[in-house]
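No lab work stands behind these numbers, since they all come straight from the coordinates. Quick caveat: nothing in here was measured; it's all calculated off a predicted structure. With ideal geometry, Cβ positions are generated from the backbone for all residues, glycine too; neighbour counts draw on all protein chains shown.
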Amino acid sequence: MDDAQRLQYLQAMGIDVWVPRDAVAEQPPVAQQQPDVPGAAPAEQQPEDVEAVQQAWRQLEQEVAGCQLCPLAETRTQTVFGTGNRNADWMLIGEAPGQSEDQQGKPFVGKAGLLLTEMLRALGLSREEVFIANILKCRPPNNRDPRAEEVAACQPYLQRQIALIRPKIILAVGRIAAQQLLKTDTPLGRLRGTVHYLDKIPVVVVYHPAYLLRSPLEKRKAWNDLQMADRLYRELQD
Ligand code: URA
């Protein structure tokens, strides 16, 4: 993507294209936060492995579609499995489907989803290149926060998705996703700006686009977080 396009996407995100002098100081160093054990590059998959992985995806999709493990099964229109590239380097994990997602069966398709798409584009990524999922596969009624028992019931599905995708980097989108993934109740303001790890996969916490729609002044910080994730990702390629 050239600079002109990137500027267009930043503008679509609602971010001014000038950079204040102190924005540079706000960017935390990434290199010193490298994972302790990056791990060797995975060997190429053999055809039989490919078939086994495809079978594992089919099995997982079927289980999620028919899931009755928590009471959300009674109120959902449909499950929202997740969409995108199953070999993605980038995985985005949000909180739970909202009304539009529950109706369409896809994550982040409402107003917040449009902003998320712009955030990705500002990084030079399309929705098709990344994999997008949620902590919960079903919509909580009236978009209330997920309950502990719902998260516990749904967690193995997400763990299996992460294990199949083996992303190089995870973006935890919003407070609930970040706190549930990292098993902490630290506020989002203190989780953002540093790199966390989930089974050696780096996790960067970003503001939820629904919050950014309500608090547009925070978009600058959101852009800094995305840039930090991008730098980290590039460093992991070296
Ligand atoms: N908010 C989320 O966290 N996930 C969605 O899929 C939609 C809105």
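The table below gives the values:
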| quantity | calculated |
| --- | --- |
| Boolean, Val173 is on the phi < 0 side of the Ramachandran plot, β-branched (Val, Ile, Thr) and touching a residue at least 60 places away in the same chain (Cβ under 8 Å) | yes |
| Single residue of Ala65, Ala122, Ala73 found to be within 24 Å of Pro202 (Cβ to Cβ) and among the small types (Gly, Ala, Ser) | Ala122 |
| Top-ranked residue of the stretch 125-150 - restricted to ones that are part of a helix (DSSP H, G or I) and among the charged types (D, E, K, R), ranked as surrounded by the most Cβ atoms within 10 Å (Cβ to Cβ) | Glu150 |
| Per-region count, the stretch 77-105, residues charged (D, E, K, R) and crowded, with 18+ Cβ neighbours inside 10 Å | 3 |
| Residue satisfying condition, being within 11 Å of the ligand (Cβ to nearest atom), touching a residue at least 40 places away in the same chain (Cβ under 8 Å) and not in a loop (DSSP other than H, G, I, E, B), within set Ala96, Ala112, Ala153 | Ala112 |
| Test result for Gly174, within 14 Å of the ligand (Cβ to nearest atom) and in contact with a His (Cβ under 7 Å, 6 or more places away or on another chain) | yes |
| Selected residue (only one of Ala163, Ala122 is in contact (Cβ under 8 Å) with a residue 60 or more places away in the chain, away from the ligand (no atom under 11 Å from the Cβ) and either closer than 22 Å to Ala88 by Cα or touching a His at 6+ places or on another chain (Cβ under 6 Å) (or both)) | Ala122 |
| Residue within the stretch 228-238 that is of a type outside the set (A, V, I, L, M), in contact (Cβ under 8 Å) with a residue 24 or more places away in the chain and in contact with a Pro (Cβ under 6 Å, 6 or more places away or on another chain) present | no |
| Filter result for the condition that a residue is among the small types (Gly, Ala, Ser) and within 12 Å of the chain's Cα centre (by Cα), over Ala152, Ala178 | Ala178 |
| Selection within the stretch 181-200 - touching a residue at least 60 places away in the same chain (Cβ under 8 Å) and either crowded, with 16+ Cβ neighbours inside 10 Å or not small (Gly, Ala, Ser) (or both) | Leu181, Thr194, Val195, Tyr197, Lys200 |
